[in-house]
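The values are calculated or read from the model by the stated rules, or taken from the named source; none is laboratory data. Everything numeric here is computed off the predicted structure, so don't read it as measured data. Using ideal geometry, Cβ is built from the backbone for each residue, glycine included, and neighbour counts are taken over all protein chains shown. Protein only, heavy atoms only, side chains kept; ligands, DNA and RNA dropped before computing areas. Shrake-Rupley method; radii C 1.70, N 1.55, O 1.52, S 1.80 Å.
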Amino acid sequence: SPCEHVAAAAISLTPVVALATALGAGLLVPLGSFPAPIAFAGDFVLLAYLLALGRFFVALGALDTGSPFEGMGAAREVGFAWLTEPALFFAFLALVRISGSLRLSQMLRATEGGLWLERTAPLLLTAAGLLIVLIAECSRLPVDNPATHLELTMIHEVMVLDHSGPALGLVLYGAWLKLLV
């Protein structure tokens, strides 16, 4: 049936999309003094949406398996997403306000030249918010505990239970690359 073909396509595309979105997000981030390979006004919005698209496909692939454990993991992942995405956008808005620019590379360089001394409190609050987003977005402790064998305490690991071999490697590599970005 057509539904079975769509489900098979979704679960087989999940590893590729997870890796591609993480790579695309990485191309938007400047590395030290080197500019980002892709930069334009409003690129921080594309960065957030690429990360969200990767999460959507991993959750969709988990739901397509029909496993109740993977469905619970996908529901938890989406539940954490609606908490972390507004925090990520508020952190970006704080950086836009401080830098006066809509380009990610200029937003991240706004504190050069001692400007951070004048704006220490907003930058510390923004950094604390981004740290919490990073922990939740990348499924790290204490939000996710992949070391357990109970699917009820996992988020990301339970969503990829039905992947193995190269597909599992692509999903995990995409998650590690997202953590790096």
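Tell me the accessible surface of Glu85 in square angstrom (1.4 angstrom probe, heavy atoms of protein chains only), to the nearest ten.
For Glu85, the solvent-accessible surface is approximately 60 Å².
Can you give the local net charge around Val45? Use residues other than it whose beta-carbon is closer than 14 angstrom to its beta-carbon, Lys and Arg +1, Asp and Glu -1.
-1
Rounding to the nearest 20 debye, state how big the charge dipole of the range 1-110 is about its Cα centre with +1 on each Lys and Arg Cβ and -1 on each Asp and Glu Cβ.
500 debye
Taking a 1.4 Å probe, which of Ile132, Ile98 shows the most accessible area, and what order do the others take after it?
Ile132, Ile98
Could you please report the charge total around Thr126, scoring K, R as +1 and D, E as -1 over all other residues with beta-carbon less than 14 angstrom from its beta-carbon?
Around Thr126, the surrounding residues sum to +2.
How much length is gained on full extension from Ala121 to Leu27, taking 0.36 nm per residue of separation minus their Cα-Cα distance?
The span from Ala121 to Leu27 would gain 30.9 nm if fully extended.
Determine the order of Thr120, Thr21 by accessible area, beginning with the largest, at a probe radius of 1.4 Å.
Most to least solvent-accessible, the answer reads Thr120, Thr21.
With r as the distance between the Cβ atoms of Trp176 and Ala41 and R0 = 35 Å, compute the FRET efficiency 1/(1 + (r/R0)^6) and round to 0.05.
Rounded to the nearest 0.05, the efficiency is 0.75.
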